[in-house]
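As structure tokens, the structure follows; a few thoughts come after it.
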Amino acid sequence: MWRRVASLSSSISSYSTSFVAQTASRLNTWESLTTAMAQQAKGFIAPKEKTPFITFVLGGPGSGKGTQCVKIVETFGFTHLSAGDLLRREIASDSADGAMILNTIREGKIVPSQVTVRLIQKEMESSDNDKFIIDGFPRTEENRVSFEQFIGVEPKVVLFFDCPEEEMVKRLLNRNQGRVDDNLETIKTRLKVFEALSLPVINYYSQRGNLYTIRAKGTEDEIFEQVLPIFTTFDVCQRAVE
Ligand SMILES: Nc1ncnc2c1ncn2[C@@H]1O[C@H](COP(=O)(O)OP(=O)(O)O)[C@@H](O)[C@H]1O
Ligand SMILES: O=c1ccn([C@@H]2O[C@H](COP(=O)(O)OP(=O)(O)O)[C@@H](O)[C@H]2O)c(=O)[nH]1
Ligand SMILES: [Mg+2]
């Protein structure tokens, strides 16, 4: 099970197997090493079991993120965390943030990072899995930085489903899931928000070298053919089902 110590400063990695080594190498003194070990012994730092393998799935509204996530989960055994679904669950559960989240989604805008990150963190902490596919997040640079601060793990893979706008609009208008944001007016805002706020996140990962761009027009199977080889190169992503 993945756990993090909420009281730790954001500048300290939440993964304590590397905490001692990182602290020692950063400060490079024997004293700092023994202090870190003493803190760990006193229980200030939870033992890190394994750094989770995180995949972010990005792309415009209707680009097919959720559809492909289902296939990735079936094939590689990830736990699927859809940020949009977690937010919709908050609305349905009548939580204190529910009304604010509903209004934000209805307008096609972005829910404050601390709300979304808290929901993702809760799911990760209560899971026994160490492979997570986080769908539709981070949608802004602020989301990205907030995840880094609170979760403290870099994604190994960032998928970008690159889909022409007219195709995305057509799919959303045919989605028929009764969503408050699948109407032409909100879709226009979502597309603008994607371009203004989400593309910078995609550019960031492109520069870091862990972005994989998928041509997201075609049949679901054709698209998954592009996704498959990305994961098979990682040892931890051996196929769950052959
Ligand atoms: N390759 C595809 N071709 C046509 N329609 C698709 C394809 N992939 C998904 N869809 C449909 O498009 C809609 C949006 O897909 P979804 O996976 O929900 O996208 P996103 O999560 O990016 O908004 C859904 O109704 C889905 O069934
Ligand atoms: O990290 C997130 C994910 C989603 N949303 C909100 O939830 C809506 C629906 O997101 P979802 O990922 O379900 O939409 P999709 O892109 O899959 O159509 C978005 O337009 C945003 O208003 C958000 O604010 N932050
Ligand atoms: Mg989706």
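No value in this document is a laboratory result; all are computed from the given coordinates. Model, not experiment: these values are computed from the prediction. Cβ placement follows ideal geometry from the backbone for every residue including glycine, while neighbour counts extend to all protein chains displayed.
In whole Å, what are the Cα extents of region 53-237 along the three principal axes, biggest one first?
Extents along the principal axes, in whole Å: 43, 37, 30.
Obtain the nm distance between the two label points defined at Lys109 and Val236 by a simple spin-label model: each point lies 7 Å from its Cα along the Cα-to-C-beta direction.
Result: 3.6 nm between the two label points.
Can you tell me which aspartates and glutamates have their Cα less than 18 Å from the Cα of Lys122? Leave out same-chain residues fewer than eight positions away.
The qualifying aspartates and glutamates are Glu49, Asp85, Glu90, Asp94, Asp97, Asp130, Asp135, Glu148, Glu154.
Output the pairs from Lys65/Lys192; Lys71/Lys109; Lys109/Lys217; Lys156/Lys192; Lys131/Lys170; Lys109/Lys188 with a Cα-Cα distance over 22 Å in this structure; if there are none, say none.
On the way: Lys65/Lys192 18 Å; Lys71/Lys109 28 Å; Lys109/Lys217 25 Å; Lys156/Lys192 28 Å; Lys131/Lys170 32 Å; Lys109/Lys188 11 Å.
With Cα atoms farther than 22 Å apart: Lys71/Lys109; Lys109/Lys217; Lys156/Lys192; Lys131/Lys170.
Can you give me the Cα centroid spacing of region 91-158 and region 164-242 in angstrom?
17 Å
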